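Below is one structure, written out as structure tokens; comments come after it.
Here, each number is a calculation from the coordinates, and none is a lab measurement. Bear in mind that the values here come from a model prediction, so they are computed numbers and not experimental data. Every residue, glycine as well, gets a Cβ built from its backbone with ideal geometry; the counts of neighbours run over all protein chains shown.
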Amino acid sequence: MRNQNNEEYFTSLVHIFNPKSGQWEIPSITGKEPARRRFIQAVADNFGNIYVFGGLADKYVGNELNQYFNDMIIFNNNGLTWSDNLIGNAPSNRAIYTATILPNDGFVRNPEDQNPEGS
């Protein structure tokens, strides 16, 4: 993301809002921060984990070429850590989908249009 002077001003994928102070903060997070992407959905479990599957990195997030992902990114909100889960038998690279976490901790994603160029 760039400001009106074409300077990069994107600093973090995670911001925390402090309702007492009314301020946004950037926390210190461990682990490898995932590539910026869009056309994603996130679901959270009862243990503080947020799961993000796939997505698209394109010119709007700073990539010169379109890059679709089929990785599972996990953010642990309790420990403030990033991790990725290289899942075997993963669906193909995709963006624009729905995601639901099930009571048995299963994760369902329903693919939509894999080519969001017209979106």
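Worth a mention:
- Residue match in segment 59-71 (condition: surrounded by 17 or more Cβ atoms within 10 Å (Cβ to Cβ) and basic (Lys, Arg)): no
- Residue list for segment 16-38, filter: within 17 Å of Asn49 (Cα to Cα), without any contact (Cβ under 8 Å) to a residue 24 or more places away in the chain and in a loop (DSSP other than H, G, I, E, B): none
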